[in-house]
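The values are calculated or read from the model by the stated rules, or taken from the named source; none is laboratory data. Values in this document were obtained by computation on a predicted structure and should not be read as measured data. Glycine also receives a Cβ, built like all others from the backbone with ideal geometry; neighbour counts cover every protein chain displayed.
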Amino acid sequence: MKRIIEFFAANKKLTAILFAFIIVGAFLSGAYFWFSENGGMTLMPQKVSVVIDAGHGGKDVGASYGGRNEKDDNLRLALKVVDCLEKKGIDAISTRTLDVYLSLENRCRFANIRSADLFVSLHRNSAASEANGVEIWIGSENSSDERKLAQSIIDSLDEVGISANRGVKSGYAREGNDYYVNSHTKMTSCLVELGFITSEADNKLYDEKIDEYAQAIADAIEMQLNNKS
């Protein structure tokens, strides 16, 4: 192994040519390299049906409460949803599988470059005053496909058990027209606020029912894909 490393180190031109062949081969075989913002490089499939976005990550912790960080909850759920979808035979991938930072632009590019059919961004809500429940956000244009996807997800979560159903909402929670990931992805999308991280009741439900929540989201996504086909 040491001799191999020394050989490629001494033959930089050959190494560059070989690396170029690997990348071209990856593109031709329906895959490509995803360069993450922390300098990592991963070989990813070029086309997927569903992108699950684990909101926040790395230096962007999202909302926090009592030592609990939103980014961790989002990632836990995202990986479980992807697993449930894969068991259904649905090609799915998460924007991140580790605690790394990704910009909103990169999250959207991650989905757009794969020509995904659906994009679902997972988050936890927060409030300074007492609040609880689940709500799902779609773009302000109110596309019928987005509303159907969001309604299907919140109905499925409601069947599992949530503290309150806050409904499907369009636009943005505070100011502006839309959440960035809804307005900059080219496919049907929605942003799920799965309970308030500032609510002990919601956190308890989240921890106790996370597997059921993941399955409920995957079932709703499968229904949406079947309806589109």
Hits in segment 114-145 (condition: more than 14 Å from the chain's Cα centre (by Cα) and more than 28 Å from Asn203 (Cβ to Cβ)): Ser115, Gly139, Ser140, Glu141, Asn142, Ser143, Ser144, Asp145
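Is it the case that Thr185 is buried (at least 17 other Cβ atoms within 10 Å of the Cβ) and farther than 20 Å from Arg124 by Cβ? Full working, then the answer.
Details: buried (at least 17 other Cβ atoms within 10 Å of the Cβ): yes; farther than 20 Å from Arg124 by Cβ: yes.
So Thr185 fits the description; yes.
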Filtered residues of segment 111-131 (kept if under 30 Å from Gly67 (Cα atoms) and either at pLDDT 95 or above or in a strand (DSSP E or B) (or both)): Phe119, Val120, Ser121, Leu122, His123, Arg124, Asn125, Ser126, Ala127, Ala131
Members of segment 132-156 found to be in a strand (DSSP E or B) and of a type outside the set (A, V, I, L, M, F, W, C), listed by number: Glu135
Hits in segment 100-110 (condition: part of a loop (DSSP other than H, G, I, E, B) and not aromatic (Phe, Trp, Tyr)): Val100, Leu102, Ser103
Residue in segment 141-151 that is under 22 Å from Cys84 (Cβ atoms), buried (at least 23 other Cβ atoms within 10 Å of the Cβ) and among the polar types (S, T, N, Q) present: no
Enumeration of residues in segment 105-130 that are surrounded by 16 or more Cβ atoms within 10 Å (Cβ to Cβ) and aliphatic (A, V, I, L, M): Ala111, Ala116, Leu118, Val120, Leu122
In segment 97-113, residue nearest to the chain's Cα centre (by Cα) [restricted to those that are touching a residue at least 60 places away in the same chain (Cβ under 8 Å) and over 19 Å from Tyr179 (Cα atoms)]: Val100
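Please verify whether Ile210 is of a type outside the set (Ser, Thr, Tyr) and either over 22 Å from Arg107 (Cα atoms) or not assigned by TED's automatic domain parsing to the domain that holds Cys84 (or both), treating the condition exactly as stated.
Numbers: of a type outside the set (Ser, Thr, Tyr): yes; either over 22 Å from Arg107 (Cα atoms) or not assigned by TED's automatic domain parsing to the domain that holds Cys84 (or both): yes.
In short, yes.
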Number of positions in segment 170-182 that are of a type outside the set (A, V, I, L, M, F, W, C) and either surrounded by 16 or more Cβ atoms within 10 Å (Cβ to Cβ) or farther than 24 Å from Ala131 by Cα (or both): 7
Some residue of segment 57-75 being under 24 Å from Lys186 (Cα atoms) and in contact with a helix residue (DSSP H, G or I) (Cβ under 6 Å, 6 or more places away or on another chain): yes
So Ser163, is it on the phi < 0 side of the Ramachandran plot, at pLDDT 95 or above and assigned to a loop (DSSP other than H, G, I, E, B): yes
Residues located in segment 30-73, provided they are assigned to a loop (DSSP other than H, G, I, E, B), modelled with pLDDT of 55 or more and buried (at least 16 other Cβ atoms within 10 Å of the Cβ): Val48, Ser49, Gly55, His56, Gly62, Ala63
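Restricting to segment 171-223, what's the tally of residues that are in a helix (DSSP H, G or I), in contact (Cβ under 8 Å) with a residue 12 or more places away in the chain and over 14 Å from Trp137 (Cβ atoms)? Lay out the reasoning, then the answer.
So the first thing to find is which residues in segment 171-223 are in a helix (DSSP H, G or I), and the list is 180-183, 200-223.
From what is left, the residues that are in contact (Cβ under 8 Å) with a residue 12 or more places away in the chain are 180-183, 201-203, 205-206, 209-223.
Subsequent filtering for residues that are over 14 Å from Trp137 (Cβ atoms) retains 201-203, 205-206, 209-223.
Total satisfying the criteria: 20.
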